[in-house]
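Chemist: Take this structure, written in structure tokens, and hold onto it; I'll ask about it next.
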Amino acid sequence: MYAFVLRRSNLRENDQLVSLYTWEKGKIDTLVRGVKKITSKNSAYLEPVFLIEAEIIPGKEINHLTKAVPFFCYKNILKDLEKITLLRTAFSWLSVLTHNNQRDSKVFLLIKHWLEFLDGTDKISTALGYSFLANLVAEFGFMPSLDNCAVCDDKNNLIGFYPSGGGVICRRCLLIKKQQDIKVYPIRLVDLQALKWLFSKQWNKVAEQNTEIANRLVFLYAQYHSEKKLVKILTFN
Ligand SMILES: [Zn+2]
């Protein structure tokens, strides 16, 4: 199976539980025996910067990973602390937001294309990380309304974002929601434009976005609709 390595955790003396995101089966948990022994051939490639070909033997209770061969190494990510931070955060979101044994080729390709960009680019920003999150929740069916008011469908005077309502909100509806004590967030035109980029997969454009507000709104939106506690990206400077 082709797989990204999401997470490793210690189990017994020499064994580890390794969570993978595979092309064939989506997220799966595997047991790797003897992975911590210095002679283990698998250990070196069970890292998030590798796309691996994994040999997996299904077990009664758990799958056994018996062999991991590197298919591709995103080696530039490995050299850059900011890139690694983005990668680790993105993989933690994947761990939390996906379910075991649910194949989703779009999610697999999202990971692959995003890692390819991250590997090749000189332009790094936290927006790149939040854009991964935005596209992930969009794949799960939560694409916010960004061109029309999520409440009344108006195209004009879009001056706020309404995470629980599912998108941008116009001036009139924002005032009503505020009176009802519902959480709505004012946005500027530049934030709205950045939000649109963050939900696109045009990573080159995404990397240039630097509105904290758009990043924060993506995070709030993803957290609200997934009903999961997500970690934030540690800021770089
Ligand atoms: Zn409205």
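The values are calculated or read from the model by the stated rules, or taken from the named source; none is laboratory data. Values in this document were obtained by computation on a predicted structure and should not be read as measured data. Neighbour counts run over all protein chains shown; Cβ positions are idealised from the backbone, glycine included. Surface accessibility is based on the protein's heavy atoms, side chains included, excluding ligands, DNA and RNA. Shrake-Rupley method; radii C 1.70, N 1.55, O 1.52, S 1.80 Å.
Chemist: Considering only region 3-18, how many residues are part of a loop (DSSP other than H, G, I, E, B) and at pLDDT 90 or above?
Modeler: 1
Chemist: Restricting attention to region 179-214, report how many residues are open to solvent by 90 Å² or more (accessible area, probe 1.4 Å), within 29 Å of residue 116 (Cβ to Cβ) and without any contact (Cβ under 8 Å) to a residue 24 or more places away in the chain.
Modeler: Total satisfying the criteria: 2.
Chemist: In addition: Tally time: how many residues in region 165-178 are open to solvent by 50 Å² or more (accessible area, probe 1.4 Å) and at pLDDT 95 or above?
Modeler: Adding up the residues that qualify gives 4.
Chemist: Same structure, new question: Check every one of the helices (runs of 4 or more DSSP H) wholly within region 19-137 and list those with 3 or more residues that are among the aliphatic types (A, V, I, L, M).
Modeler: Hits in region 19-137: 81-97, 105-120.
Chemist: Of 25, 75, 79, which residue is over 30 Å from residue 123 (Cβ atoms) and open to solvent by 40 Å² or more (accessible area, probe 1.4 Å)?
Modeler: Just a single option satisfies the conditions, and that option is 25.
Chemist: Report, by residue number, each residue of region 142-177 that is in a loop (DSSP other than H, G, I, E, B), within 9 Å of the ligand (Cβ to nearest atom) and among the hydrophobic types (A, V, I, L, M, F, W, C).
Modeler: If the condition is that a residue be in a loop (DSSP other than H, G, I, E, B), within 9 Å of the ligand (Cβ to nearest atom) and among the hydrophobic types (A, V, I, L, M, F, W, C), then 149, 150, 151, 152 are the ones that fit.
Chemist: Check residue 98 against each of (1) more than 12 Å from the chain's Cα centre (by Cα); (2) surrounded by 16 or more Cβ atoms within 10 Å (Cβ to Cβ) and name the one condition it does not meet.
Modeler: So the condition that residue 98 fails would be (1).
Chemist: Return the pairs, sorted by first residue and then second, in which the second residue is within 8 Å of the ligand (Cβ to nearest atom), the first residue lies in region 146-169 and is of a type in the set (Lys, Arg), the beta carbons are less than 9 Å apart, and the residues are 6+ apart or on different chains.
Modeler: Taking only residues 6 or more apart or on different chains, the pairs are 155/149; 155/170.
Chemist: How many of the residues in region 145-180 are in contact with a helix residue (DSSP H, G or I) (Cβ under 6 Å, 6 or more places away or on another chain) and either closer than 16 Å to residue 225 by Cα or among the aliphatic types (A, V, I, L, M) (or both)?
Modeler: Result for region 145-180: 7.
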